[in-house]
Amino acid sequence: MHLNNIIEFFVELVKSFIILIQYILVPLFIYQFVISIFGWFKRKEKEPDNCIPNNRFAVIVAAYNEEKVIGNIVNNLKSLNYPKDKYDIFVVADNCDDNTAKIAQQNGATVYERFDKTKKGKGYALEWMFEKILKSDNKYDAVCIFDADNLVSKNFLTEMDKHICKGHKVIQGYLDSKNPLDSLISASYSISYWLSNRLFQLARYYLGLSCEIGGTGFVIATDVLKEIGWGATCLTEDLEFTIKLVLRGQKVYWADKAVVYDEKPVTLSQSWRQRKRWMQGQADCACRYIKSLLYKFIKDKDIVALDCALYVIQPMLFVLGGILLFLNLLKLISLHNFNNLFDLKILESVILFLTSTYISIIFLFAEKKNSFKIILYFFLIPLYNLTWIPIIIQGYIDKNKRDWVHTIHTKALDISDIENIKY
């Protein structure tokens, strides 16, 4: 076979693969885009009838070696605009070998220390703590979960109380950032969360689909824990519990006015380790639950289950999109297409990528996250997004590894330091 024939065969193979990927990605892109439309405009929430702050909360902070920030979250929680006799603050100091437990106790939290070198990680710590809460003499209507690096808007429990009064059993709060201006990495995280809050979470809440638990700042009614248990102990316990809910015909609701701020990684190395852990957990969940979600969709015609299934496999779809861009680039520079710089399919891919990225700037303004520095970082976010491709691949390769990688937190702030900053 001549060299030209080999090149021609390779080019045709690439073309066929490009077309196949496009047939997969385009309908899914349209699906996600249509759903996001329902988050474009915020609705005025209807207040529940005759709802006064009446539900009792067990507020749980999960901490592993967080002595630098634990005091701030405990003091922040003590100052919430909610009746003080209606919530208690607990810190589960999980395998700590620093002063986390001591500082939390000094600041007024009830501290439980847990030591288990085999069952390590936040999922196991929460399961252990939930058992203690449910067996205690104090009766709580719901548990509220935070991480030690968090800070919380003072209306947080008031807003969650309103949702419980509406009959909502699992509610995720608005996920914001403590440090969006620290670096390109922290800004990219923050922008991604702000857009997800609006175009993913809020849109699904309005449509009656399930939102996704975001790891922190969420509430679970205790009767749900009694009914189905926790049992979410993988590296992404939040996703695993969301899937468990959906498979049992329940869903996660969204509290847009209940805000939780967390500390985003500042360096690429920190970010890489954290996101790889997320992808390991998501790959693990995809392998274990995708069949069950699709079966529920087919058997019960449950669109919530289908939507959750698509979210679970979303990282691999992102990788396919990256492969599509790469193949189109390869096609562009091949001998076959070298003189055809305006190949329609290549332009389609590039325009789709840039449009889907940059059109969302509108919603940064809508969310009032529109300082000059944020907008500058926004135009650099494709660089951050491209790093997801190797991270996702690594996560799928290492999906069976369960080692928990701790993200170090050092930004000790008060809630007033954050709420007065204009982004």
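The values are calculated or read from the model by the stated rules, or taken from the named source; none is laboratory data. In this text, all values refer to a predicted model and were calculated from it rather than measured experimentally. Every residue, glycine as well, gets a Cβ built from its backbone with ideal geometry; the counts of neighbours run over all protein chains shown.
Key figures for this structure:
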| quantity | calculated |
| --- | --- |
| Residue match in segment 107-115 (condition: closer than 26 Å to residue 257 by Cα and crowded, with 18+ Cβ neighbours inside 10 Å) | yes |
| Residue in segment 77-100 that is charged (D, E, K, R) and more than 19 Å from residue 143 (Cβ to Cβ) present | yes |
| Qualifying residue in segment 235-245 (condition: touching an Asp or Glu at 6+ places or on another chain (Cβ under 9 Å), outside any loop (DSSP other than H, G, I, E, B) and over 22 Å from residue 315 (Cα atoms)) | no |
| Residue ranges of strands (runs of 3 or more DSSP E) in segment 49-134 with at least 3 members without any contact (Cβ under 8 Å) to a residue 60 or more places away in the chain | 87-94, 110-114 |
| Which numbered condition residue 423 fails, given (1) under 30 Å from residue 100 (Cα atoms); (2) in contact with a Lys or Arg (Cβ under 7 Å, 6 or more places away or on another chain); (3) not in a helix (DSSP H, G or I) | (1) |
| Flag if residue 329 is at pLDDT below 85, farther than 21 Å from residue 37 by Cα and surrounded by fewer than 14 Cβ atoms within 10 Å (Cβ to Cβ) | yes |
| Selection within segment 252-299 - closer than 30 Å to residue 43 by Cα, surrounded by fewer than 23 Cβ atoms within 10 Å (Cβ to Cβ) and among the charged types (D, E, K, R) | 256, 257 |
| Selection within segment 116-151 - exposed (fewer than 13 other Cβ atoms within 10 Å of the Cβ) and of a type in the set (Val, Ile, Thr) | 118 |
| Residue check for residue 210: among the small types (Gly, Ala, Ser), within 15 Å of the chain's Cα centre (by Cα) and assigned to a loop (DSSP other than H, G, I, E, B) | yes |
| Any hit, segment 154-163, residues being surrounded by fewer than 17 Cβ atoms within 10 Å (Cβ to Cβ), of a type outside the set (A, V, I, L, M) and part of a helix (DSSP H, G or I) | no |
| Breaking point among (1) surrounded by 21 or more Cβ atoms within 10 Å (Cβ to Cβ); (2) part of a helix (DSSP H, G or I), for residue 199 | (1) |
| Residue in segment 385-402 that is in a helix (DSSP H, G or I) and over 24 Å from residue 284 (Cα atoms) present | no |
| Whichever residue in segment 362-415 is charged (D, E, K, R) and closer than 30 Å to residue 121 by Cα and, among such residues, is farthest from the chain's Cα centre (by Cα) | 414 |
| Selection within segment 164-186 - assigned to a helix (DSSP H, G or I) and farther than 30 Å from residue 371 by Cβ | 164, 165 |
| Matching residues in segment 213-230 - criterion: being under 11 Å from the mean Cα position of the chain (by Cα) and either on the phi < 0 side of the Ramachandran plot or charged (D, E, K, R) (or both) | 213, 214, 216 |
| From the options 244, 251, residue that is touching a strand residue (DSSP E or B) at 6+ places or on another chain (Cβ under 8 Å), of a type in the set (D, E, K, R) and at pLDDT 95 or above | 251 |
